[in-house]
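Here's the structure we're looking at; comments come further down.
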Amino acid sequence: MAEVPVRMVQCVVLKREAPGLDRLPYPGDLGVRIWRGVSKEGWQRWVAHQTMLINENRLVPIEPKARKFLEGEMEKFLFGEGAAKPEGFVAPT
């Protein structure tokens, strides 16, 4: 059985070439943009940041307002100047 080659992308998060995602991680045009330009490792960094945002801001991800906030933060984290930490956030030591 032949091995499936790994799809490589120029990751906008890592700023280097890395293995790409296997499938679209998000619906629509934004999902396609992420699939084309974010690596598996870059996506995992976002997922960890998103988890911190949900926990620190006590967000309920199914609420439309929370989803809109998280989508905006995701775009900033992956393609913009980077997402901000919640006010008063102190990273664990």
Exercise for the section: Inspect the range 16-33 for any residue being part of a loop (DSSP other than H, G, I, E, B), without any contact (Cβ under 8 Å) to a residue 12 or more places away in the chain and of a type in the set (Lys, Arg) and give the result as yes or no. Expected result: no
Handout entry: Subset of the range 1-11 [surrounded by fewer than 17 Cβ atoms within 10 Å (Cβ to Cβ) and touching a helix residue (DSSP H, G or I) at 6+ places or on another chain (Cβ under 8 Å)]
Key = GLN10
Exercise for the section: From (1) surrounded by 12 or more Cβ atoms within 10 Å (Cβ to Cβ); (2) at pLDDT 95 or above; (3) not basic (Lys, Arg), pick out the condition that doesn't hold for GLU56. Expected result: (2)
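The values are calculated or read from the model by the stated rules, or taken from the named source; none is laboratory data. On a predicted model such as this, the values are computed, not experimentally measured, just so you know. Every residue, glycine as well, gets a Cβ built from its backbone with ideal geometry; the counts of neighbours run over all protein chains shown.
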